[in-house]
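Below is one structure; the comments refer to it alone.
A short reminder: the numbers here are calculations on the coordinates, not readings from a lab. The shown structure was predicted, so the numbers you read here are calculated from the model rather than taken from an experiment. Glycine also receives a Cβ, built like all others from the backbone with ideal geometry; neighbour counts cover every protein chain displayed.
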Ligand code: SER
């Protein structure tokens, strides 16, 4: 059995790409990467072990946990909000049962070794649900405990898994008293992410995807039809800050953490502002707006801004990229470089 190894599920996803690339460059962790699809070639050199498999496959997961003692698990695999609405029951199985499998195995490993396995879980602004635009405007930046009435299967799954994580960390098998008293539980830590934007990958199946899609289409000279109204406002964050927040929360001393779930955010543009920034960088871009009413309803139910003061207070969270820096110093130059390379 090898020591000090991190498990990353959903390795091929947006966060998986960013996290594996970052940890790989640091070279301090042995990475076991798991994904349903073959893990991208660009990530393979960063990983100790690559596993193509399903988080619903308990036999496979059991073997992985027998082989490795994990210090940290980044459970990133999930079906995002738009895709989940086309097959809610499948989304529930993957998003909830898959998470349950990992929580259970991580707990068993913590108990066996006596050392808490850290369990880092990305939740989402989809955990919120505001009833109408008037309430959304009046709500302003909302805290972790307000307006938790998600309208999507994905949002319900995320909110429930936040509670599952808290349960496994604090009350697991609470009636098996003497046995449970002395056993280590998992160290569950969760971030509620806003919409994420990376220069290196485009998300699939999400409802905040109009932001990254607009940028990546424009950079490739492809027309883009934005599926929300220009006045739609959501919180966003660039991938380097998402990775920074995951690692900062992961390395915070446990005694500093006063809650299991933390909002993080950096800026909140409207779709129109997004459009203007993208058009300034790519003046030829063909971007039109044709709102899709059902997807619009989902985005309208998500907050325009979130209150991340608990993260700032407890573990010193502060994003490196505000809106101007995000576009001028990261997104625009990086996508220009990326797609220029592709054309050559
Ligand atoms: N980006 C996600 C989605 O749109 C929200 O967390 O589904």
What nm value, rounded to one decimal, do you get for the distance between residue 166 and residue 26 when each label is placed 7 Å out toward the C-beta?
2.7 nm
For the chain, max minus min Cα coordinate along each principal axis, in Å, sorted largest first?
65, 49, 39
Please report how far the C-alpha centroid of region 198-228 lies from that of region 90-130, rounded to the nearest whole angstrom.
29 Å
Starting from the Cα of residue 339, move 7 Å in the Cα-to-Cβ direction to define the label point; list residues of region 288-325 whose amide nitrogen is under 14 Å from there.
288
State, to one decimal in nm, how far the label point of residue 38 lies from the label point of residue 312, with both points 7 Å from Cα in the Cβ direction.
4.7 nm
GNM on the chain, C-alpha springs below 10 Å: top fluctuator among 237, 200, 153?
200
Multiply the residue gap between residue 229 and residue 320 by 0.36 nm, knock off their C-alpha separation, and tell me the result in nm, one decimal place.
29.9 nm
With -39,500 (n - 2.57) per DSSP H segment of 4 or more residues and division by the full residue count of the chain, the 222 nm estimate, nearest 500 deg cm²/dmol, is -12500 deg cm²/dmol
Most mobile listed residue (124, 42, 301) in the chain, GNM with C-alpha springs under 10 Å:
42
Give me the compactness ratio for region 142-215, meaning the Cα radius of gyration over 2.2 N^0.38 Å.
1.54
In which sequence would 245, 293, 268 go, from the one with the fewest C-beta neighbours within 10 Å to the one with the most?
293, 268, 245
Compute a Gaussian network model of the chain, connecting alpha carbons closer than 10 Å, and tell me which residue from 176, 264, 228 fluctuates the most.
176
Modelled FRET efficiency - R0 41 Å, residue 49 with residue 290, Cβ distances, 0.05 increments:
0.35
Just to be sure I understand: of the beta bridges DSSP finds with both ends in the chain, what percent are antiparallel, rounded to 5?
5 percent
Ranking of 339, 224 by count of other Cβ atoms within 10 Å, fewest first
339, 224
Mind checking the full-extension length gain between residue 149 and residue 259? Use 0.36 nm per residue of separation minus the Cα-Cα distance, one decimal, nm.
37.7 nm
On each of the three principal axes the extent of the alpha-carbon atoms of region 84-186, given in whole Å and largest first, is 51, 30, 23
